[in-house]
Structures are given as C-alpha cells and as structure tokens.
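Below you'll find the structure, written out as structure tokens, and then a few comments.
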Amino acid sequence: MPTEVAPLRRKPVQQRSAQRVEKMLEACAQLIDEVGYDGLSTTLIAERAGVAVGSLYQFFPDKRAVVQELTLRNLDRFVRTVSARFEGVEMAHWWDAVDAVFDVYMTMHREVPGFSRLHFGDVVDLRLLDASKDNNTVIAEKLTSLIAAEFDLDAAELMLPLSVAVEAADAVLHLAFRRDPGGDPTLVTEARELVRGYLANRLPDDQPKDLPSPR
C-alpha cells in the first residue's frame with residue numbers, strides 16, 4: 001500500500017539530532033545487508049546506532065519509514081552522481097549517458113551499504129519513493145530530466161521510451177543479481193545492450209545510431 005506519511009516525523013534541527021538520524025540510517029543500511037528487510041526492527045536499528053528506541057520514534061514512526069528515508073537519500077545520491085558524471089565527462093552521444101547511468105548504478109550496488117538489498121525500494125513497496133507513482137516511474141522521470149537537458153531533447157517525447165528502458169533494465173539486472181550477488185557480468189552487458197538497441201529505435205532520427213555494441 002502507498003505510504004500515507006512522510007518518512008521523518010520531524011526534521012532534525014540541531015546538529016546533535018541530525019547526527020543521531022544519520023547514525024540510525026547508517027545502522028539501518030548495515031542491518032539490511034545482514035538480516036534483510038524482514039529481519040529488521042526498530043529495536044535493532046536503535047541498538048546498532050547506539051540510541052534509545054524512544055529517540056528513534058521521535059523521528060520515525062516505524063522501520064518502514066527509516067528504510068524509506070534511506071532509500072530517498074540513495075535516490076538523491078544516484079541522481080547527483082549521474083548529474084556530476086554528465087558535467088564531468090563530455091557526452092558525445094546519448095549512449096554515453098546511458099552507459100554512465102549503468103556505471104553509477106552498479107557502483108552503488110557494490111559500494112553503498114544496504115543498496116544491494118533495497119535497490120530503490122521495490123522489496124518494501126512498489127511506491128516507496130512516491131505515494132502517487134511507482135518507483136521505476138520516479139527513476140524514469142529523474143533520468144528523463146537529466147538526459148533531455150544534456151542532449152537538448154524533448155522531455156515529453158523521451159519519457160515513454162526511457163520508462164520502458166528502465167523497466168526492461170530493471171528486470172534483467174534483477175536476474176543478474178539473483179545469479180551473482182555482484183551482478184552477473186554477462187547479464188549486465190545484456191541489459192546495457194537491450195537498452196541501447198531499444199533506444200536506438202526510439203530516440204530522434206538526428207541521434208547517431210551506428211555505435212559499436214557495448215559487448
């Protein structure tokens with residue numbers, strides 16, 4: 001069911017409160033890696049963070065809210081990292097942008113605590129990121145905005161093909177992670193090529209389409 005409350009009951013104002021919230025989120029991420037979402041509890045999070053469980057409840061109503069806040073922060077990190085990659089490297093073609101998105105996602109999967117189990121929240125709720133739309137739609141909207149701006153494309157026209165590409169890549173990457181906790185490299189390559197081939201037939205005709213296969 002979609003969430004009816006914001007993740008945080010109240011925003012931490014003082015530095016000490018903000019630090020406590022950060023400890024809770026870090027503890028949550030560590031525990032997600034260790035016991036998964038089903039094994040998680042507010043008591044475990046509080047104990048790992050070194051705070052009283054009552055302190056956790058001052059900011060979060062339940063474990064789901066802690067995980068939601070963690071996932072929203074991971075989404076923000078993902079978008080900011082992709083944006084920085086776009087700004088730091090010259091993108092000669094839309095495929096360069098797609099490749100950068102895959103690279104950032106795989107790096108987060110391998111390096112960010114909890115991300116390999118949560119991804120962008122589907123294991124908890126298909127609408128964890130936004131109560132009004134599913135998680136993949138949120139991701140597609142973010143990527144549409146970034147890629148449209150980078151290549152001067154019409155965001156309205158780009159939204160549908162990118163939504164399909166996100167859904168397709170998500171399905172294949174889930175298979176890759178089931179086969180190998182680090183992401184089966186053959187299947188990751190298949191996901192990249194699947195997206196490239198599909199978008200090559202959906203993006204505007206003035207976009208070059210003769211790039212070599214990512215294999």
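Quick check on my filter: what residues within the stretch 195-212 are at pLDDT below 55 and open to solvent by less than 50 Å² (accessible area, probe 1.4 Å)?
Gln207
Taking the stretch 108-143 as the search range and keeping residues that are among the polar types (S, T, N, Q) and over 14 Å from Met159 (Cβ atoms), which one is least open to solvent (accessible area, probe 1.4 Å)?
Among residues in the stretch 108-143 that are among the polar types (S, T, N, Q) and over 14 Å from Met159 (Cβ atoms), the one least open to solvent (accessible area, probe 1.4 Å) is Asn135.
Which helices (runs of 4 or more DSSP H) does the stretch 1-79 wholly contain that include 1 or more residues that are under 21 Å from the mean Cα position of the chain (by Cα) and without any contact (Cβ under 8 Å) to a residue 24 or more places away in the chain?
15-35
Within 22 Å of Ser163 (Cβ to Cβ) and within 13 Å of the chain's Cα centre (by Cα), is that true of Asp103?
Answer is yes for this residue.
Going by the conditions given, is Ala84 open to solvent by 50 Å² or more (accessible area, probe 1.4 Å), free of Cβ contacts under 8 Å to residues at least 40 places away in the same chain and not in a helix (DSSP H, G or I)?
No, not satisfied.
Within the stretch 149-160, restricting attention to residues that are open to solvent by 10 Å² or more (accessible area, probe 1.4 Å), assigned to a helix (DSSP H, G or I) and not aromatic (Phe, Trp, Tyr), which residue is nearest to Ala92 (Cα to Cα)?
My answer is Glu150.
The values are calculated or read from the model by the stated rules, or taken from the named source; none is laboratory data. In this text the structure is predicted, and so the values were computed from the model without any measurement. Every residue, glycine among them, receives a Cβ derived from its backbone with ideal geometry; neighbour counts consider all protein chains shown. Only protein heavy atoms, including side chains, enter the accessible area calculation; ligands, DNA and RNA are left aside. Shrake-Rupley method; radii C 1.70, N 1.55, O 1.52, S 1.80 Å.
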